[in-house]
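This is the structure I want to talk about, given as C-alpha cells.
Computed from the coordinates by the stated procedures, all read-outs in this text should not be read as laboratory data. The shown structure was predicted, so the numbers you read here are calculated from the model rather than taken from an experiment. So basically every Cβ, Gly included, is an ideal-geometry build from the backbone, and we count neighbours across all protein chains shown.
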C-alpha cells in the first residue's frame, strides 16, 4: 500500500508541476503579446501623428492654391497674367523691350 501511496503523491506532484509550467507559460505568452501590442500601438500613434501633420500641411497648401486660383480668376489676376506672359499693355502704358 505504501508503493501505491507513493505513486499517488508522485502523480499529484507531476500534475502540480505541469499546471505550474502551463500557468507560467500562459503568463509569459500574455506578457509577450501585451509587449508587442504596446509596441504596435506606439507605432500606430506615431504614424497617426505624422499623417495628421501631413494633412495639416496639405490643407494649408490647398487653401493657398484656392486663394491663388480666386486671384487668377479675378479681373486683376487676368490683367496681371496678360501683362506678364502675353505682353499686354494698356493704352497709357509704355512698353520697353530690353534685349541683350
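From the list 8, 77, exactly one residue is more than 30 Å from residue 88 (Cα to Cα) and surrounded by 10 or more Cβ atoms within 10 Å (Cβ to Cβ). Which is it?
Answer to the check: 8.
Quick check: anything in segment 32-53 more than 24 Å from the chain's Cα centre (by Cα), in a helix (DSSP H, G or I) and surrounded by 10 or more Cβ atoms within 10 Å (Cβ to Cβ)?
yes
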